[in-house]
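The block underneath contains the structure these notes are about, expressed in structure tokens.
The values are calculated or read from the model by the stated rules, or taken from the named source; none is laboratory data. All values derive from a computational prediction rather than experimental measurement. Don't worry about glycine lacking a Cβ; one is built from the backbone with ideal geometry, like all the others, and counts go over all protein chains shown. Side chains are part of the model used for accessible areas, which takes the heavy atoms of the whole protein and leaves out ligands, DNA and RNA. Shrake-Rupley method; radii C 1.70, N 1.55, O 1.52, S 1.80 Å.
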Protein chains: 2
Amino acid sequence: MSAAPAVAALDWGTTRLRAWLLDSSGKVLAERRGDDGLITAREKGFANVLEGHLGAMGAPDALPVIICGMAGSRQGWIEAPYVTVPAPIGAILRGAARIEGSRRDIRIVPGLAQRLADAPDVMRGEETQLAGAGLPAKGRHLVCMPGTHSKWVSVEDGAVAGFGTWPTGELFSVLATHSILKHSLGEHPAPVAADSPFFRQWCERALGEGGDVTSKLFAIRAAGLLQDLKPDEAAACLSGLLLGGEIASARRRYGASEAPVVLVASGALATLYGSALGLAGLAFRTVDADEAVRAGLVEAARENGMIGGAS
Amino acid sequence: MSAAPAVAALDWGTTRLRAWLLDSSGKVLAERRGDDGLITAREKGFANVLEGHLGAMGAPDALPVIICGMAGSRQGWIEAPYVTVPAPIGAILRGAARIEGSRRDIRIVPGLAQRLADAPDVMRGEETQLAGAGLPAKGRHLVCMPGTHSKWVSVEDGAVAGFGTWPTGELFSVLATHSILKHSLGEHPAPVAADSPFFRQWCERALGEGGDVTSKLFAIRAAGLLQDLKPDEAAACLSGLLLGGEIASARRRYGASEAPVVLVASGALATLYGSALGLAGLAFRTVDADEAVRAGLVEAARENGMIGGAS
């Protein structure tokens, strides 16, 4: 294994960017994080932002670049048109769109579109995490990728069969900041601990309701008035309610799978979702989200002939 | 029937106030609306705000005053302590708290508290609408009072058996303004029409999901990207989804009742909920919300001996 980079890999989102220099096995040789996501890059120019980060990491001039995320959306650098599911993961990666007129080989992994009349959905970036999650080539696997907009993906024999979005992170933030629950949670609730009895209790309640969350939101406010619930406890209730609701709803939609749920997450979020999946009685294994996106980007570079074969 | 007022009646909420002079049959002799709800009245003084409105309506000095709403909360004029359910509606009204030291007989109807560990809930104001909704003395009746925080109440033989809150109006407003759906709905979506095919379709979808709303929120955004959904159409989708989810959830909690659902609402909201209840296959009858609160206030005045017996 050489210390020379084989590819530059970027997870380029709406507000943030992460860039790595990787060898052909996916080993990290250099890393950069920036606030110059799509919004900033639209002003500064995508090529300028990219070259700034590559230069700071000492990337060679001819190093190929593989990108995933919102940089490939209609508002991004170029549009990498959605691949319609069902679709094999390898074929998705091979659909990467190439930036023309650059001295580098720069490609952006396409997002996924589920063009169902009654369940339209889209993703950009998570398809690359999925490709790097180390799923077996055979069998049915349910993948949970929590976040602002949590994605659950049903994978069958290496192909995306379908997926759904639960805006759990966004709901927590919007309700905590802008709804009547702000009086219950206060301005700066502490991060929710996965072993909080309030998190666990409200998660279990939500799991028993098949995804019905809205009927219990005001109960958090009422518990503040009637049961002297403290702000940090209220935040744990809301988190438990939303995670439990997400898991109950996804389980109802996709049914139980024989294989453990693949939880693609990092840090505190991985711990919280692990706790909630446990309360739901669902076996799971955790894949680090950062490692998954890097592995997926390397796989995309390989599928597009930008780097050599298997490491 | 005389033109002399028997009582002044106020529905005194957080941000708004409505006041009427009523004869003993509940007939409206004068009406005032103001923005001097609890928040303003805490600054100006509740007695000053009240006397200002009474003076403007030409109310006699000795006219008794009956009040419902947030003016009776801990942050209000005086706290009219919650009555714990189950409780007979007549007993709730007779629990009105009296303002001491006034030359008038002024009383505030108490709110209701549901002190269940797993479903705590409170209401203030809706208990008075309920009392004025003309419910039969016998039998089980399910009452829907839609709004910012919709209340569903199960009434058995003239007593409140239990109730729940669905923050449907608040969710619409918060999601339309602060979530990713603002890109789909635009800044000023048109009022949702009850016969909109988008309202009806998404309401039916939500009705089929037992109250699971969160799994379909992002689909509205995706429909904007994949199906060219227009802002007014997206608003109709969100409205249909939330109303359908509320009704499915309430139906799941309270079961079907033999008697028609009593819908206490006015104007466009009554029409929208009527449409959604119809899609749910639930028979209903509508009681005007304004008439209900006035009738409830007159009933409260009567139960507290502030005006004479039956008109």
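Observations
- The overall shape of the range B:78-177, judged from the alpha-carbon gyration tensor, is oblate: a/c is not under 1.5, and a/b is no greater than b/c.
- Calculated from backbone phi, Karplus (6.51, -1.76, 1.60) coupling profile of the range B:99-110 in Hz, x at Gly/Pro: 6, 7, x, 9, 6, 9, 8, 10, 9, 10, 5, x
- Pseudo-label separations to other copies for residue A:28 - Cα-to-Cβ vector, 7 Å, nm: 6.7
- The range B:167-280: equivalent-ellipsoid semi-axes (sqrt of 5 x gyration tensor eigenvalues, Cα, Å): 24, 15, 12
- Phi angles of the range B:295-305 translate, via the Karplus equation with coefficients 6.51, -1.76, 1.60 and θ = phi - 60°, into HN-Hα couplings of 4, x, 5, 4, 4, 5, 4, 5, 4, 9, x Hz per residue; Gly and Pro are given as x.
- For chain A, built as a Gaussian network whose Cα springs stay under 10 Å, the top-fluctuating residue of A:276, A:223, A:300: A:223
- Exam field: residue A:283 pseudo-label spacings to other copies (7 Å along Cα-Cβ), nanometres: 5.1
- Averaged over peptide A:165-171, the number of partner chain Cβ atoms lying within 10 Å of each residue's Cβ comes to 5.
- Partner aspartates and glutamates for residue B:138 [C-alpha distance under 13 Å; skip if fewer than 8 residues away on the same chain]: B:156, B:157, B:258
- With contacts taken as Cα pairs under 8 Å at a separation of at least 6 residues, chain A carries a relative contact order of 18 percent.
- Panel note: the C-alpha atoms of the protein assembly as shown, placed on their principal axes, show extents of 97, 46, 45 Å (largest first).
- 10 Å Cβ shell holding at most 13 others, DSSP loop, trypsin sites (Lys or Arg not before Pro): longest site-free stretch of chain B: B:139-311
- The average projected area of chain A, computed from the convex hull of its Cα atoms over all directions, is 16.5 nm².
- Counting only aspartates and glutamates at least 8 places from residue A:182 when in the same chain, those with an alpha carbon closer than 20 Å to its own are A:170, A:228, A:232, A:233, B:121, B:170.
- Under 20 Å from residue B:44, Cα to Cα: aspartates and glutamates that are on another chain or at least 8 residues apart: B:11, B:35, B:36, B:79, B:100
- Accessible area ranking (1.4 Å probe, heavy atoms, ligands and nucleic acids excluded), largest first, for B:77, B:202: B:77, B:202.
- Computed over the range A:7-128, the range of Cα coordinates on each principal axis works out to 48, 33, 26 Å, biggest value leading.
- Between residue B:177 and residue A:230, the modelled label-to-label distance comes to 3.1 nm, taking each label 7 Å out from Cα in the direction of the beta carbon.
- Label geometry 7 Å along the beta-carbon vector: residue B:60 inter-copy distances in nm: 10.0
- For chain B, excluding the exposed loop sites themselves (GluC sites (Glu not before Pro), DSSP loop, at most 12 other Cβ atoms within 10 Å), the longest remaining stretch covers B:1-99.
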